[in-house]
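Accompanying notes for the structure given below.
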Amino acid sequence: MRCAGIAAAGAFTLLLLAGCSGGLKSNLPIAQVYVLRPNWSAPAASLPAAAAPGAGSVQVTLPLAAAGLSNDSIVVLRPGERLDYYGAARWAAAAPAMLQTLAIDALRASKRFSMVESDAGPFASDYVLSLELRHFEAEYTGAGPPTVHVALMCTLGRRTDRGVMVSFDADSRVTADADRMQSVVAAFERATGDALSQLAANVALPGPVPP
């Protein structure tokens, strides 16, 4: 009888475990992953097709991110300065890493430097572009679609003496066409592209790199 009781208890335990394992299954929708492919304009029509000799090289830092912007969540700012996230959507990478890559691409396309790489690159550079990600969120101020706000604080300096050459904000706001995820992502692309166009236009060198 004692053995039968143990067997019954064991069977009951297995049933409990089976019930628990079923309870671990989530009914939440799988998050959609979005990439940004913004377009940006060339800084000026008069720029040469290639960087002039002595134009120098630049490293672009991983942006320091404001509170709430350091992960891959798509950030929402609601009335009352309440920070939120879209529940079933995320970026393909953390926002700072994504913006660093896009800034590098924009500077390479501008052809103002002989080389552009990240601050993790293996080569020494003449200049450093320091970035701060101040805004990268969809702002809801009332009824209707959100306005996407993208803002980068950009500082270009010499590596040798840490002298600042230029410092500026690249700031853009674009209202989404509709309060749908694809429209919001499209607004992120337009705002990011505008901010990158400002970045490429304002990162300029006064002349050849000093010997």
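Before moving on, here are some points about what is shown:
- A search for C-beta distances below 7 Å between a residue of segment 101-119 that is free of Cβ contacts under 8 Å to residues at least 12 places away in the same chain and any residue that is buried (at least 22 other Cβ atoms within 10 Å of the Cβ), counting only pairs 6+ apart in sequence or on different chains, returns ARG108/VAL116.
- Positions within segment 76-102 being assigned to a loop (DSSP other than H, G, I, E, B) and under 21 Å from GLY193 (Cα atoms), in sequence order: ALA92, ALA93, ALA94
- Residue tally, condition without any contact (Cβ under 8 Å) to a residue 60 or more places away in the chain and in a strand (DSSP E or B), over segment 155-188: 15
- Segment 103-137, subset crowded, with 20+ Cβ neighbours inside 10 Å and within 16 Å of PRO38 (Cα to Cα), residue modelled with the lowest pLDDT: SER110
- Enumeration of residues in segment 60-75 that are assigned to a strand (DSSP E or B) and of a type in the set (A, V, I, L, M): VAL60, LEU64, ALA65, ILE74, VAL75
- Selected residue (criterion: surrounded by the most Cβ atoms within 10 Å (Cβ to Cβ)) from residues of segment 156-196 that are over 20 Å from SER57 (Cβ atoms), hydrophobic (A, V, I, L, M, F, W, C) and in contact with a helix residue (DSSP H, G or I) (Cβ under 8 Å, 6 or more places away or on another chain): ALA170
- Residue in segment 189-197 that is farther than 21 Å from ASP72 by Cβ and in a strand (DSSP E or B) present: no
The values are calculated or read from the model by the stated rules, or taken from the named source; none is laboratory data. All values reported here derive from a predicted model rather than from experimental measurement. For neighbour counting, all protein chains shown are included, and Cβ atoms are generated from backbone atoms with ideal geometry for every residue, glycine included.
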